[in-house]
1. Give me the percent of DSSP beta bridges within region A:419-527 that run antiparallel, rounded to the nearest 5.
2. Distance cut-off 18 Å, Cα to Cα: go down the list A:K11/B:K72; A:K6/B:K86; A:K275/A:K530; A:K365/A:K674; A:K280/A:K365; A:K48/A:K326 and report the pairs above it.
3. For A:K53, which sequence-distant residues (separation of 5 or more, or a different chain) have an amide H within less than 5 Å of its own amide H, given hydrogens modelled in the peptide plane?
4. Residues of region A:440-476 losing 20 Å² or more of accessible area relative to the isolated chain, 1.4 Å probe, heavy atoms only?
5. Give the peptides A:132-142, A:632-642 in descending order of average Cβ contacts within 10 Å, highest first.
6. Counting only helical runs of four or more DSSP H residues, what would the 222 nm mean residue ellipticity of the protein assembly as shown come to if each run contributes -39,500 (n - 2.57) and the total is spread over all its residues?
7. What does the accessible area of A:S601 come to, in Å² to the nearest 10, when a probe of 1.4 Å is used?
8. Radius of gyration and Dmax for region A:1-56's Cα atoms, expressed in Å?
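The values are calculated or read from the model by the stated rules, or taken from the named source; none is laboratory data. Quick caveat, the model's predicted, so the values are computed rather than measured. Cβ: placed from backbone, ideal geometry, glycine included. Neighbour counts: every protein chain shown. Quick note on the areas: whole protein, heavy atoms, side chains included, nothing else; ligands and nucleic acids left out. Shrake-Rupley method; radii C 1.70, N 1.55, O 1.52, S 1.80 Å.
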Amino acid sequence: MDLTEKLVSGKGNFVDDINMPGMLHLSFVRSPYARAKILRIKGGITWKDVDLKMASVGEGATKGFEYLEHPVLAKDYVGYVGQPVAAVYADSPYEAEDLAETSVEVDYEPLKAIVDPEMSLTAEPMYPGLKSNLLADKYLGADFEIKDAPVIIEDRFVNHRIATDPIEPRGIVAAYDGNRLTVWVSTQSVHSLKEGFCEIMHLEPESVRVIQTDTGGAFGLKGGIYPEYIVAAYLAMREKRPVKWIETRREHLLASRPGRGVVGKMKLYADRTGKILGIKGDVIVDSGAFAGGSGEFSARFIAMQLTGPYEIKNAYIHAMSVLTNKVPQGPYRGAGRPEAAFFIERMVDRLADELEMDPVEIRLKNATTAPYVSPTGLTVEASKPFLESAVKAMGYHDHVRKGNTGFGWFVLVPATMPGETARILVDGGTVKVWLGGNAHGQRHDLFVRSILSDELGIDPSVVEWQKGDTDQLEDGVGAWGSRSAMMGGSALVEAARKLRKEVENKYGKYSPQKLLEGKWDSYEFFHYDKPYNNLGANLITVHQDDLGVIHVRECISYYDLGKVLNMDNVIGQNAGGCAEGIGQTLYEGLMFDENGQMMTSSIADAGVVTADLVPRYKLLLHKSESSLPSRAKGLGEAPTIGTPVALARAIEVATGLRIRETPINPEYLLSAKKFH
Amino acid sequence: MSNLKVSITVNGERKEAEIEPRMLLVHFIREVAGLTGTHVGCDTTNCGACTVLLDGRAVKSCTVLAAQANGKKVTTIEGLSKGENKLHPVQKAFVDKHGLQCGFCTSGMIMTSFWLLNKKRKLSEEEIREAISGNLCRCTGYESIVDSIQEAERRMDESEEYIEEEIPARRGR
């Protein structure tokens with residue numbers, strides 16, 4: 001049975017499916033307050049047992065801010081609702097949950113929570129010794145003055161926080177044999193988790209093995225390491241018994257790092273022909289209560305992308321990440337890219353309205369005609385020819401004539417650096433493959449088969465893609481940031497070519513038969529330390545019904561993907577990403593009250609889209625070459641960047657209301673203002 | 001509270017056990033019957049990953065007590081395939097039409113589809129989308145799932161083998 005046949009038969013191996021003799025089940029006591037002093041903790045595993053601080057590993061990992069590191073278990077202070085304070089364990093999960101409610105007493109002294117990121121800028125510092133609540137404070141570009149600009153537009157936009165909400169929550173099983181810690185985990189990167197365990201628990205690399213289980217979605221959530229994993233490992237080592245922890249959905253909403261949560265304050269200068277003369281802006285990331293999420297990184301990453309696919313000569317952006325009494329922000333599919341596109345594309349649409357020009361005409365006027373590096377550091381190829389073909393291929397003008405159409409485009413900045421690893425093991429006629437990044441629903445098996453059947457001339461059916469295992473592949477990066485087919489694919493191509501050479505050297509000539517008869521082991525770290533950006537565009541049409549409800553009618557993507565390694569892969573990534581983009585735009589949000597209590601209580605409240613709310617998706621390909629060995633370009637995050645901007649504009653056209661926030665739910669539409 | 005004795009027929013096999021009265025059906029299936037194909041995604045009847053058939057009716061087993069299933073018949077994803085290598089047309093269609101990516105929602109999605117196709121044929125796309133709107137998928141954007149269900153319907157129409165016992169209508173909507 002291959003992987004998908006197992007999954008449709010209920011024979012997958014997800015982390016919660018693992019059962020071992022003598023296994024203990026872990027449950028957590030979490031803070032009910034957004035901000036409080038802890039006066040006393042009685043019972044359970046506490047900081048006295050595990051007095052460790054979290055390390056920052058995975059996507060957007062940042063170093064520094066030692067005294068703001070997230071404690072594994074809270075000591076004398078809690079900074080968000082859901083923060084782990086104590087842990088309990090039992091032979092069954094039911095008993096463990098009972099113990100969490102009955103066996104631990106915590107006395108808190110609640111403090112006034114800082115919930116709003118903009119208010120946090122002027123609030124008293126959250127921790128003693130801090131001068132402000134800024135975790136990151138950088139300026140990108142150069143300050144400029146444009147006297148008497150004919151058009152100046154200022155606006156403020158918000159992408160509210162959203163839960164990553166993979167259908168499989170987080171989970172881990174840890175075991176210890178007296179020498180070595182082995183963990184089975186649902187993850188995007190066994191390598192970043194291993195690094196995290198070693199750094200946090202002061203373990204030697206050879207004493208830790210991380211094995212990936214079937215991973216039921218991740219979307220950024222499962223690239224890094226979490227406090228619960230450390231407690232599971234600690235307990236397994238202390239008790240010398242296997243320990244399992246599986247997150248509940250409620251815990252996921254409260255205590256798993258969410259994405260977005262960014263405010264953009266923009267100022268745009270233009271002349272009356274529609275030429276953009278410059279932009280200024282503040283990016284304010286709602287980072288949460290501790291360092292080590294992706295918050296510190298994402299502010300400047302968003303700021304860097306604010307010039308979009310445009311030739312904007314003047315740009316000056318203040319990138320800020322601020323402390324708030326919420327769980328630390330993390331990456332969610334797109335991770336800074338959708339926010340940047342939302343802010344600049346909303347401004348360009350405002351400019352079009354101001355000058356009563358067609359939005360695409362304005363975009364063509366400002367597109368780059370040669371490769372360009374913007375003042376904020378964004379690398380863009382000549383974007384005008386791409387835009388011209390997108391407009392034509394998507395039938396933009398016909399759609400506009402029919403009405404309620406929104407268009408948006410963007411530069412996708414895949415996380416290329418520092419490259420990726422791959423290993424090919426040929427033995428007994430089968431070809432096993434490990435990639436340094438671990439698939440969590442992207443079906444890497446499909447492109448892996450396509451690449452190896454092309455490179456090695458073998459039947460795809462002998463290729464077996466393997467889940468991550470640090471004992472099988474010595475190092476690796478991770479599956480995030482639209483990088484797997486580009487970087488993992490390139491490492492795989494190079495490893496395959498090396499293998500081909502080895503067969504050639506031994507037999508004088510390469511043949512698939514010779515390869516499959518032998519035993520071969522090929523490893524490659526494909527190093528890459530530059531950006532490799534590509535362009536994408538989305539078009540959406542909507543219908544507003546008599547009750548005011550927005551329905552998405554058409555969702556068209558036009559992307560430059562280089563070579564399509566596997567069409568099913570590409571279709572799947574586009575479709576899933578479009579649904580998530582529609583979700584963010586119309587439904588998804590984690591809402592907090594003024595005390596920092598989350599008002600979103602279920603996955604339904606959190607707004608994950610259902611099948612009846614999304615249309616069929618159309619994907620059109622822009623023909624181009626990629627110079628990478630895999631011949632691929634980035635894709636995974638593209639639809640989550642382009643869909644929200646196109647959809648926001650389509651709603652603007654349909655309703656006449658100015659759209660400044662996501663989610664654009666009925667409450668928001670009732671509060672939004674007419675713009676013409 | 002004292003334990004309860006229950007007898008539940010899971011995929012044709014009678015499972016008797018003494019359980020806590022609060023035990024959920026999904027945990028009975030996963031832990032007592034040892035069938036881990038039925039997944040827990042949300043605990044609140046929203047995601048549908050735990051969907052099974054209870055006396056032929058699609059239910060979300062995370063909000064049914066095992067005690068409520070006493071004396072009844074449960075069909076799980078493992079009960080669909082006939083023998084080791086014979087996938088049901090619904091399962092096969094999900095493989096062929098890429099109706100899954102990470103595979104976590106898949107068991108529930110297939111059980112809902114199986115129930116739907118046994119209840120009604122000649123479904124419009126809108127009816128299919130409505131019927132699976134209680135099952136969440138975060139990877140596929142649903143399009144390939146709709147395609148899989150349409151493909152499964154064609155294959156079931158072609159084969160007499162897959163006319164199941166009577167499937168009652170779902171309560172409520």
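1. Working: 14 of 17 bridges.
Antiparallel bridges make up about 80 percent of those DSSP assigns within region A:419-527.
2. Where the Cα-Cα span goes over 18 Å, the pairs concerned are A:K11/B:K72; A:K275/A:K530; A:K365/A:K674; A:K280/A:K365; A:K48/A:K326.
3. A:V72
4. A:G441, A:R443
5. Ranked by mean Cβ neighbours within 10 Å, highest first: A:632-642, A:132-142.
6. Value at 222 nm, helices only: -8500 deg cm²/dmol.
7. 60
8. Rg then Dmax for region A:1-56, in Å: 19.1, 56.
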